[in-house]
Amino acid sequence: MRPGSGVAIAVVAVALAFVVYCLIDLSRARVRNLPAWAWAVIICITIPWGGIIYLILGKDRTKPAAPDPPPPPAAPHVPRRIPAGPVQIEVDRLTKRFGHVTAVDDLSFAVRPGRVTGFLGPNGAGKSTTLRVILGLDAPTSGTALVGGRRYQEFIRPLHEVGSLLDATAVPAGRAGWSHLRAIAQSNGIGRRRLREVLELTGLEMVASRRLGEFSLGMKQRLGIAAALLANPPVLLLDEPANGLDPEGIRWFRQLLQAMAAEGRTILVSSHLMSEMAQTADHLVIIGRGRLLADVATEQFVSGTSHDVLVQSPRAGELASLLTASGAVVAPENGGGLAVTGMDAAAVGDLAVSHGIAVHQLVTRHGSLEEAYLTLTGASTDYRAGRPLPEVQTARAAR
Amino acid sequence: MTAPQLQAAGTAGTTPSPLVRARDVLASEWTKLSSLRSNRWTLGAAAIVTLVLTAVVAASFAAAPHGGQRAAPVDRLATSFLAFAEYLVLPVTVLSVLVFTSEYGSGLIRTTFTAVPRRRTVLAAKAAVTGAAALVTGEVLAFACFFLTQAILSGRHGGLSLAHPGAARGVLAAGFVLAACALVGVGAGAVLRHTAGAIAVAVTVVYLLAVLCLVLPAPWNLRLGRFTLPFAAYAEVTAHPPTGLFSPWLSLLVLIAWPAAALLTAAVVLTRRDV
């Protein structure tokens, strides 16, 4: 429901209450020396007024969203003096329950400065809950979440310490972009000049005077990023910031994050998309069902994934038996050729040459990050198409 | 462009004084309240309708065949605020409820509490800004309604001046009543979070409790009714308070107690709840 229609419905409801009150008043013939025609005028004026307000405020004035402004070049961000000592996010044995549902279960990890840390997990894994606890919005059931060694609630002007973006669509539709950002900036003593700078940085200066209801999802994401960067904080917490950005915007955003990490900031970016994180993050924290699954460098995660060797040869059958004899596992590929595991490409090539077998193609294949991620999180996915989860079945059986 | 940006971010190191912090949050909440176009429209429309209704009421009194000589003399003071109390209070209360519930509805409340983690500070700032806006609106309209009514009544019954006993108190109190109702709305919105429920509760406190009390048998209607906002307000703005109501000073306490209770409940609930 639009906020405008909410106001209008409320006004109508309240007008009705007023009328009821008037009628009770009339029927009880209390002290008022008011002739009936005056009451009639009061009632007649009141009821249509609610309707008029509804027509004014409740009318759908949504214009088609303007196309996204062209993303600005990823200007090298201004270096900032990083306070002495490692500013980092530290989550320690964090548990958060909502009734019987455990959203975060004994989760511990640390985020270090100077790199982009990807916070990955399937939908419902507890990423947003963890971020909300770090930001002091939700109270943890047990455990702690500290930023720079302090609880978030202890910060006097927190935007100077931590910039955050939780939900880019959580903006008031009736307010202009500029007013929205200005209210956030004022609460932390940030001036107009810096406000203009972040609008410029995110490419929103041309649309800042428009109402947020007219913003597209991509523009709202940029606005959220602008709000996170308002005070130029050393720590950034971003929940699914790339949602709704176009490919160019995603690239701009990725470069922005990496540039800011290079300045020594601590950056935690959540996502449920491995492919996006693989290109952005230097380090990965992967959770599923509220538990920590992996806390590794992206490179290590990549090299840890399964790999095999694809070899194509006109004498494939002969080569296959040779390879099997030397201890490799060989499987035929769909496109013609052999998938070899347990032996690296050099050894396969050497073996082929030593037996005079021509090789047309010889490639080492890494399993995709996506696959590794799916393997890792597969057991912990909350919602998956087609197959009921074992936990769900046991829950049903228990009932 | 490096130097200015660094300077803009340079305030991080300094810890601002509590006074500066309070001013920051107040400024932020004022920006939120004043930058919503629907707020301005609704308040403006409500003000105009209040004045029109006041004129209608005054004219009907002036034109009544027996004037004030019938059962009771016309209360020329309370007449000024009939439309004010029975009409203007409603839209103002609703707008005040929306101060919190609209933020909960859109999810903006998370941004607000992330920017200012001390939730009671946010509550205090919202209450102060909304209350002040309602007080200013209320006082301006109370004076306007008073003078408008007295101007219309002056022909037949003779209008009052502010120097009349109780007149100045009544006019000032009428504006205060509006602020009290607005603060009840802010508190209800913060506690209940949902627009519909919060409006229902706020309207109950601001209006319907008094209506319910009227239905009670004779001694009890005023005995209980004097603790409700509308009766306390009536005791403030009438020149001839009916016996059974509190004195203006005790009624002022009632007018303070309701918003205080609403805001205290909100202060307790806000800090104990996940956002």
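The figures follow:
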read-out	value
Relative contact order, percent, segment A:89-303 [alpha-carbon distance under 8 Å, six or more residues apart]	32
5 angstrom amide H check on A:LEU292, placed H, neighbours 5+ away	A:SER108
Rounded, prolate or oblate (a/c below 1.5 giving rounded, otherwise prolate when a/b exceeds b/c) for segment A:307-366 by Cα gyration tensor	rounded
Per-residue Cβ neighbour rank within 10 angstrom, fewest leading, A:LEU237, B:LEU192	B:LEU192, A:LEU237
Amide H contacts under 5 Å for A:SER270, placed H, 5+ residues apart	A:PHE119, A:LEU238, A:ASP239, A:GLU240
Average partner coverage of B:29-37, which counts Cβ from other chains inside 10 Å	6
Gained length - A:ASP350 relative to A:SER108, 0.36 nm times residue gap less alpha-carbon distance	82.4 nm
Peptide-level mean, for B:96-107, of C-beta atoms on other protein chains within 10 Å	3
Amide proton proximity set for A:VAL116, modelled H, under 5 Å, gap of 5+	A:ASP282, A:HIS283
Shape category assigned to chain B from the gyration tensor of Cα positions, a/c cut at 1.5	prolate
Helix-only [θ]222 nm of chain B, DSSP H runs n ≥ 4, -39500 (n - 2.57) each, per residue, nearest 500	-23500 deg cm²/dmol
Mean Kyte hydropathy of 1.0 or more with a Cα span along the axis of at least 18 Å, helices from DSSP in chain B	B:37-63, B:89-106, B:119-153, B:167-192, B:248-271
Peptide-level mean, for A:164-170, of C-beta atoms on other protein chains within 10 Å	4
Normalised contact order of chain B, rounded percent, pairs of Cα under 8 Å and 6 or more residues apart	22
Residues B:CYS181, B:CYS145 arranged by fewest to most Cβ contacts within 10 Å	B:CYS145, B:CYS181
Likely footprinting exposure, A:LYS127, A:LYS220, fewest C-beta neighbours within 10 Å first	A:LYS220, A:LYS127
GNM top mover of B:THR42, B:THR54, B:THR243 - chain B, alpha-carbon springs below 10 Å	B:THR243
Per-residue ³J(HN,Hα) for segment A:297-303, Karplus 6.51 cos²θ - 1.76 cosθ + 1.60, θ = phi - 60°, Hz, x for Gly and Pro	5, 4, 4, 5, 5, 5, 6
Cα shape, segment A:152-309, gyration tensor, a/c 1.5 rule	prolate
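Any read-out appearing in this document is the output of simple, stated calculations on the displayed coordinates, not a laboratory observation. Computed from a predicted model, the values in this text were never measured in an experiment. Every residue, glycine as well, gets a Cβ built from its backbone with ideal geometry; the counts of neighbours run over all protein chains shown.
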